[in-house]
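The values are calculated or read from the model by the stated rules, or taken from the named source; none is laboratory data. Just so it is clear, the model here is predicted, and its values are computed rather than measured. Positions of Cβ are backbone-derived with ideal geometry, glycine not excepted, and every protein chain shown enters the neighbour counts. When the accessible area is computed, the model is the full protein with side chains, heavy atoms only, and any ligands, DNA or RNA have been set aside. Shrake-Rupley method; radii C 1.70, N 1.55, O 1.52, S 1.80 Å.
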Amino acid sequence: MSVFPQLSTNPEVREHLRNVYTNNELVCECGADEADLVFEALLCCLSHPPLFTCLRASTHLHSLQDIQLRLQQHLAQQERSPSVYTHPQLPDVLLLPVHGPRPVDPLASEVIVGAQCGNAVLRGAHVFTPGILSTPKYMKVGEVVSVFSDVEGKCTRGAKEFKGKKVFLGNGISEVDRSEIFSSDGPGKGVAIRMTEPLYQSPSFDGVLTDQLFLQNLPSVVVGHVLGPRPGERILDMCAAPGGKTTHIASLMGNQGTVVALEKIRSKMEKIIQNAKMLQLDCIKAYCCNSVHAVSSDPAQCSADGPPYPEESFDRILLDAPCSGLGQRPNMSYSWSLKEVCSYQPLQRKLFTTAVRLLKRGGVLVYSTCTVTLAENEEQVAWALKTFPCLTLEPQVPLLGSEGMSGAGLSHDQRRLLQRFRPELAWRGAGVPHSPESLLQNANADTIGFFIAKFIKRSWWMRMLSSFTGLGMKPMSHPSFTKRPIHQSLLNFCH
């Protein structure tokens, strides 16, 4: 149900997205009218929160059932008893339904928060002091106020009222005076407004079972399973902050092996280390490094301890690439220019090239983004397959999303191997779930927008062998194989 305005963007960005969703291939498949309706559904769903809050459980430490029970007990202590479901296909995921929109009436006293803070409130957070832009002139502790989001970023910090475009998020109780929020010493860091009647209700998880639960979007959890890490392997997470996927990989390995996490911003790298310690995962090694430069063909430059690494150093690599973030939900306002949106494709290709060099033959590379553009998703796959003949697309397990979108020149068989989470499709055909079963059926559909591609790096001889077999030929009968010893022929195909 749509209660908020559509995602607000720069007109050029809106037109760019429209062109993506009404490209010639898509229009030929579904018709122009349907393509337009899907695009409008995209803009609507992006401004609203997903249907579920997704929590990844630390199943390397405790059973999912034990963690589920502890969470239910904690929520009961908060005098809340929302249902806590296990995911039917993901063995380490707990789901809590997000209830909303609820019938809540705005009050006379208004607090205005920034768009980012407002997005967090819609996912269950309370209002923290740094997110507040405006409060009533004489707001005191204990005052009941309505919280609004400044969706266009036009409210001046410290204002006593705001007449611009704003969206109602719910009601709460002030935990601080106005003077503490706008102090000359700068804003504090604690909770300023405790949400008591949010428009969308979901429990706050700040400091809750921190060694057992990790708040993570469902497609981000799927990525770890698609990568398929195994105990004892050496795995690289190239753009790892804040460490959700890194710690998931380590958990899936049973904390056995090595997970190298690279992050170019030191404070974010330290957050990865903090999360690894909190979740008791000591197989993670985090380094401050720009992953573009994480490989070297010069042995003198390579270190046994950290980057750069020699080529073919890793069994599996996750490239969760920096992207335009146009799949994030909820998001009522997107302020980036079209130039900024389009700036990510070249960086992603540099990172991808490094990943291919670092991956062992026979190894797995998973590429993912949290955006909805073709340029950063399917077009990157088409480019990769053309640029790196050693790469082939692999089936994904689990496969919970839709197939890849048309418009990048990929075949239907290739698109079926991709996984794109498209919440706009759920919104386009949305019905009201009436039972837990029908509700859970929507858990995989009403998510953030997300994209996953899985590649395997094959040796030349493996690719030739596969193609011969597919043609019904006996590899040894092919002219490429002479009467020389078999090992020599295979060796030549590897170069």
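The table for this structure:
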{"item": "Strands (runs of 3 or more DSSP E) within region 179-259 that include 3 or more residues of a type outside the set (Phe, Trp, Tyr)", "result": "191-198, 234-237"}
{"item": "Residue satisfying all of: in region 424-464; open to solvent by 10 Å² or more (accessible area, probe 1.4 Å) and within 19 Å of the chain's Cα centre (by Cα); modelled with the lowest pLDDT among these", "result": "ASN442"}
{"item": "First in region 442-461 and under 28 Å from LEU391 (Cα atoms) and assigned to a loop (DSSP other than H, G, I, E, B), second anywhere and open to solvent by less than 10 Å² (accessible area, probe 1.4 Å) and polar (S, T, N, Q), Cβ under 7 Å, 6 or more apart", "result": "GLY449/THR371"}
{"item": "Criterion: within 22 Å of ASN444 (Cβ to Cβ), out of contact with any Ser or Thr (no Cβ under 7 Å at 6 or more places or on another chain) and at pLDDT 95 or above - qualifying residue of LEU51, LEU42", "result": "LEU42"}
{"item": "Filter pass, PHE421 being open to solvent by less than 40 Å² (accessible area, probe 1.4 Å), at pLDDT 95 or above and over 18 Å from the mean Cα position of the chain (by Cα)", "result": "no"}
{"item": "Of the criteria (1) at pLDDT 95 or above; (2) in contact with a strand residue (DSSP E or B) (Cβ under 9 Å, 6 or more places away or on another chain); (3) open to solvent by 10 Å² or more (accessible area, probe 1.4 Å), which one VAL98 fails", "result": "(1)"}
{"item": "So GLN488, is it modelled with pLDDT under 75 and either basic (Lys, Arg) or open to solvent by 20 Å² or more (accessible area, probe 1.4 Å) (or both)", "result": "yes"}
{"item": "VAL27 being surrounded by fewer than 18 Cβ atoms within 10 Å (Cβ to Cβ) and touching a residue at least 12 places away in the same chain (Cβ under 8 Å)", "result": "no"}
{"item": "Residue list for region 67-113, restricted to those being without any contact (Cβ under 8 Å) to a residue 24 or more places away in the chain and closer than 21 Å to LEU440 by Cβ", "result": "LEU69, GLN72, SER81, VAL84, THR86"}
{"item": "Residues that are free of Cβ contacts under 8 Å to residues at least 60 places away in the same chain and either closer than 28 Å to ASN10 by Cα or touching a helix residue (DSSP H, G or I) at 6+ places or on another chain (Cβ under 8 Å) (or both), drawn from region 150-164", "result": "ASP150, LYS154, CYS155, THR156, ARG157, GLY158, ALA159, GLU161, PHE162, LYS163, GLY164"}
{"item": "So VAL147, is it closer than 30 Å to PHE450 by Cα and without any contact (Cβ under 8 Å) to a residue 60 or more places away in the chain", "result": "yes"}
{"item": "Tally, over region 366-416, of residues that are closer than 18 Å to ILE317 by Cα and of a type in the set (A, V, I, L, M)", "result": "7"}
{"item": "Any hit, region 196-208, residues being more than 28 Å from the chain's Cα centre (by Cα) and within 15 Å of PRO130 (Cβ to Cβ)", "result": "no"}
{"item": "Residues of region 144-155 satisfying the condition of being modelled with pLDDT of 95 or more and either over 19 Å from PRO106 (Cβ atoms) or β-branched (Val, Ile, Thr) (or both)", "result": "VAL144, VAL145, VAL147"}
{"item": "Test: PRO91 is under 28 Å from ARG422 (Cα atoms), modelled with pLDDT under 90 and not in a strand (DSSP E or B)", "result": "no"}
{"item": "Conditions (1) open to solvent by less than 20 Å² (accessible area, probe 1.4 Å); (2) within 27 Å of LEU51 (Cβ to Cβ): number failed by PRO82", "result": "(1)"}
{"item": "Top-ranked residue of region 215-232 - restricted to ones that are open to solvent by 30 Å² or more (accessible area, probe 1.4 Å) and in contact with a Gly (Cβ under 7 Å, 6 or more places away or on another chain), ranked as nearest to VAL295 (Cα to Cα)", "result": "GLY232"}
{"item": "Single residue of region 335-371 satisfying the filter (open to solvent by 70 Å² or more (accessible area, probe 1.4 Å) and touching a Gly at 6+ places or on another chain (Cβ under 9 Å)) that is farthest from LYS154 (Cα to Cα)", "result": "TRP336"}
{"item": "Those residues of region 326-361 which are more than 30 Å from VAL167 (Cα to Cα), part of a helix (DSSP H, G or I) and among the charged types (D, E, K, R), in sequence order", "result": "ARG349, LYS350, ARG357"}
{"item": "Region 246-274, residues that are surrounded by fewer than 21 Cβ atoms within 10 Å (Cβ to Cβ) and within 21 Å of VAL208 (Cβ to Cβ)", "result": "LYS271, GLN274"}
{"item": "From the options ASP320, ASP305, ASP237, residue that is among the charged types (D, E, K, R) and open to solvent by 40 Å² or more (accessible area, probe 1.4 Å)", "result": "ASP305"}
